[in-house]
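In what follows, a structure is listed as structure tokens, so that the remarks can point back to it.
The values are calculated or read from the model by the stated rules, or taken from the named source; none is laboratory data. Nothing here was measured: the structure is a model prediction, and the numbers come from that model. With ideal geometry, Cβ positions are generated from the backbone for all residues, glycine too; neighbour counts draw on all protein chains shown. When the accessible area is computed, the model is the full protein with side chains, heavy atoms only, and any ligands, DNA or RNA have been set aside. Shrake-Rupley method; radii C 1.70, N 1.55, O 1.52, S 1.80 Å.
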Amino acid sequence: MNTYYLHNGTILSGPFTLDELKAKKITKTTSVWCEGMEDWKNAGEVEELKKKFFSTPPPIRVFVAPTTPPENRYATAVKKFARVNKKPLFIVAGMLVLVIGTLIFNTVLESRTLKLEERNNQTEYNNHQYKIQEKEIEDQKKFIAEQQKIESERIGKERKLAINNRLSEIKNLLTVTNSNLNNSKYELNDAREFQFLRSDSEREDDISTVENKIIFWRNEIAQLEKEISMLYLELEKIH
């Protein structure tokens with residue numbers, strides 16, 4: 001004996017025996033399935049269930065007496081009345097179909113309108129969010145640019161201060177270096193003119209030593225002046 005599964009459109013239950021199915025009070029349209037079936041069927045389509053639950057007795061034959069002529073005339077009058085009143089029925093049926101069709105059309109149109117409004121509202125919301133994000137990004141860029149400007153100005157002020165301090169140092173060094181150069185020039189004159197208690201080789205050594213000192217101080221002055229020029233150029237760029 002087969003056992004059957006039931007399905008009411010959402011819930012699957014079973015398997016059930018025939019006695020259990022009887023307790024379930026299944027109908028001809030109940031969806032059932034058992035092993036060997038390719039797909040779900042209505043219970044009224046399964047031969048085993050049809051014989052068990054849905055067999056119907058043969059119709060009872062009722063003896064009808066022959067109609068008398070007056071009854072025949074009555075039936076003929078009824079049929080004639082039905083034929084005469086077919087046109088109003090068709091009109092009413094047509095109007096009913098038209099009304100139903102109009103209601104369905106209005107429902108579909110209203111549904112589409114609501115969907116279109118939802119899409120428009122969603123698009124408007126997305127555009128609003130996009131504008132907010134754009135403004136936030138723009139504000140962030142402005143803030144970063146302002147911070148960079150402040151930092152650049154701070155670095156520029158610090159560099160300008162450092163350059164001015166270095167220029168003061170170089171000017172002091174130039175003063176000292178020029179003084180040393182002038183002293184070396186006096187020493188060179190003395191070394192050339194003074195000859196007492198010196199041999200010629202000693203005199204030449206003294207002169208060479210002083211000349212080297214003069215070359216050294218001149219190189220120092222050239223380097224300091226070059227550095228001053230570069231620092232002044234850098235100051236102009238900072239301004």
* Looking for whichever is in a helix (DSSP H, G or I), open to solvent by 70 Å² or more (accessible area, probe 1.4 Å) and of a type in the set (Asp, Glu) here; the options are Glu227, Glu220, Glu202, Glu234. Which one fits? => Glu202
* Any residue in segment 151-174 that is under 37 Å from the mean Cα position of the chain (by Cα) and either among the charged types (D, E, K, R) or surrounded by 10 or more Cβ atoms within 10 Å (Cβ to Cβ) (or both)? -> yes
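What are the residues in segment 181-233 that are over 60 Å from the mean Cα position of the chain (by Cα) and either under 20 Å from Arg166 (Cβ atoms) or of a type in the set (Phe, Trp, Tyr) (or both), if any? Outline the logic, then answer.
First, the residues of segment 181-233 that are over 60 Å from the mean Cα position of the chain (by Cα): 181-225.
Once the filter is applied, which keeps residues that are over 60 Å from the mean Cα position of the chain (by Cα) and either under 20 Å from Arg166 (Cβ atoms) or of a type in the set (Phe, Trp, Tyr) (or both), segment 181-233 yields Tyr186, Phe194, Phe196, Phe216, Trp217, Asn219, Glu220, Ile221, Ala222, Gln223, Leu224, Glu225.
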* Structure fact -> All conditions in (1) touching a helix residue (DSSP H, G or I) at 6+ places or on another chain (Cβ under 8 Å); (2) at pLDDT 80 or above are true of Lys50 except (2)
* Asked: For the subset of segment 175-199 comprising residues that are among the hydroxyl-bearing types (Ser, Thr, Tyr) and farther than 18 Å from Lys226 by Cβ, which member is most open to solvent (accessible area, probe 1.4 Å)?
  -> Tyr186
* Asked: Glu35 passes all but one of (1) surrounded by 10 or more Cβ atoms within 10 Å (Cβ to Cβ); (2) modelled with pLDDT of 80 or more; (3) charged (D, E, K, R); which number fails?
  -> (1)
* Asked: Got a sec? Which of Glu211, Glu225 is within 30 Å of Arg154 (Cα to Cα) and of a type in the set (Asp, Glu)?
  -> Glu225
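Does Thr67 satisfy being surrounded by 10 or more Cβ atoms within 10 Å (Cβ to Cβ) and modelled with pLDDT under 85? First the steps, then the outcome.
Working: surrounded by 10 or more Cβ atoms within 10 Å (Cβ to Cβ): yes; modelled with pLDDT under 85: yes.
In short, yes.
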* Candidates Lys142, Lys157, filtered to the one that is farther than 30 Å from Asp206 by Cβ and in contact with a helix residue (DSSP H, G or I) (Cβ under 9 Å, 6 or more places away or on another chain) -> Lys157
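Yes or no: segment 102-109 includes at least one residue that is at pLDDT 65 or above, among the β-branched types (Val, Ile, Thr), within 60 Å of the chain's Cα centre (by Cα) and open to solvent by less than 80 Å² (accessible area, probe 1.4 Å).
The first filter runs over segment 102-109 and keeps only residues at pLDDT 65 or above, leaving 102-109.
Narrowing the set further to residues that are among the β-branched types (Val, Ile, Thr) leaves 102, 104, 107-108.
Narrowing the set further to residues that are within 60 Å of the chain's Cα centre (by Cα) leaves 102, 104, 107-108.
Next, only the ones that are open to solvent by less than 80 Å² (accessible area, probe 1.4 Å) stay: 102, 108.
Yes: segment 102-109 contains one or more residues that are at pLDDT 65 or above, among the β-branched types (Val, Ile, Thr), within 60 Å of the chain's Cα centre (by Cα) and open to solvent by less than 80 Å² (accessible area, probe 1.4 Å).
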* Asked: What is the one condition in (1) under 16 Å from Tyr5 (Cα atoms); (2) of a type in the set (Lys, Arg); (3) surrounded by 10 or more Cβ atoms within 10 Å (Cβ to Cβ); (4) modelled with pLDDT under 85 that Lys25 does not satisfy?
  -> (3)
